[in-house]
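Engineer: Take this structure first; my questions come after.
The values are calculated or read from the model by the stated rules, or taken from the named source; none is laboratory data. Everything numeric here is computed off the predicted structure, so don't read it as measured data. Reconstructed Cβ throughout: ideal geometry from the backbone, glycine too, with neighbour counts over all protein chains shown.
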């Protein structure tokens, strides 16, 4: 909490005490009714403070996994509650959800997502290797006919299929570098081409 936040909180507390004191002095005879009214006002006050304080979280929750098209060749993605950025790309006409991973070299598909994009994992040659947080895994280099994100479509995109177990697919630098500018600030990822 910053010094300005602390000062604002003290100011609001003093203002609340002054209003409560005025109500108490004005309603000495009807103390029960005054206490009931004070509790109602107190709950309203706390509700407004809670709504104001949680607004960013509520807004982020309602924008869950939504990409915004800001203009030609520019998109914005909000950071999710788990701290990651997620993008849904159309690979060969199928929507595939990716976690943005700037530490990954390539676009890395799970076996399931590769199959949804029209690639048969049983026919792939897992001749590559990758070092992951879970150790070394075998990978199969592939080419994806079309990759669409927002109003941008790329063709013949290089990717890899992970031979190990993955919860989802990773969007690494091999694809992200196709965008001219990558910016992360204020809980938002922006890609511009």
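Engineer: Kindly indicate whether residue 70 is in contact (Cβ under 8 Å) with a residue 12 or more places away in the chain, crowded, with 16+ Cβ neighbours inside 10 Å and out of contact with any helix residue (DSSP H, G or I) (no Cβ under 9 Å at 6 or more places or on another chain).
Structural biologist: Against the criterion (in contact (Cβ under 8 Å) with a residue 12 or more places away in the chain, crowded, with 16+ Cβ neighbours inside 10 Å and out of contact with any helix residue (DSSP H, G or I) (no Cβ under 9 Å at 6 or more places or on another chain)), residue 70 does not qualify.
Engineer: Hey, another quick one. How many of the residues in the range 50-69 are within 14 Å of residue 186 (Cβ to Cβ) and at pLDDT 65 or above?
Structural biologist: Matching residues across the range 50-69 total 1.
Engineer: Another question, then. Just give me the residues in the range 158-193 being more than 29 Å from residue 140 (Cβ to Cβ), in a loop (DSSP other than H, G, I, E, B) and touching a strand residue (DSSP E or B) at 6+ places or on another chain (Cβ under 9 Å), in sequence order.
Structural biologist: 180, 187
Engineer: Only residues in the range 1-25 that are surrounded by fewer than 10 Cβ atoms within 10 Å (Cβ to Cβ) count as the first member; pair them with residues that are assigned to a helix (DSSP H, G or I), Cβ under 9 angstrom, at least 6 apart or cross-chain, and list the lot.
Structural biologist: Note: pairs meeting the criteria are 1/9.
Engineer: Does any residue of the range 131-140 turn out to be assigned to a strand (DSSP E or B) and in contact with a helix residue (DSSP H, G or I) (Cβ under 8 Å, 6 or more places away or on another chain)?
Structural biologist: To start, the set of residues in the range 131-140 that are assigned to a strand (DSSP E or B) comprises 131-132, 135-140.
Retained after the next criterion (residues that are in contact with a helix residue (DSSP H, G or I) (Cβ under 8 Å, 6 or more places away or on another chain)): 140.
There is at least one residue in the range 131-140 that is assigned to a strand (DSSP E or B) and in contact with a helix residue (DSSP H, G or I) (Cβ under 8 Å, 6 or more places away or on another chain).
Engineer: Filtering the range 141-153 down to residues that are crowded, with 18+ Cβ neighbours inside 10 Å and modelled with pLDDT under 95, which residue is farthest from residue 90 (Cα to Cα)?
Structural biologist: Ranking the candidates gives 150 first.
Engineer: Follow-up. Give me the pairs: first residue in the range 111-126 and free of Cβ contacts under 8 Å to residues at least 12 places away in the same chain, second residue in a helix (DSSP H, G or I) and surrounded by 15 or more Cβ atoms within 10 Å (Cβ to Cβ), beta-carbon distance under 7 Å, and six or more apart or on different chains, which are they?
Structural biologist: 115/121
Engineer: On the phi > 0 side of the Ramachandran plot and either in the same structural domain as residue 185 (by TED's automatic domain parsing) or surrounded by fewer than 17 Cβ atoms within 10 Å (Cβ to Cβ) (or both): which single residue out of 156, 120, 167 fits that description?
Structural biologist: Details: 120 fails: on the phi > 0 side of the Ramachandran plot; 167 fails: on the phi > 0 side of the Ramachandran plot.
From the options 156, 120, 167, the qualifying one is 156.
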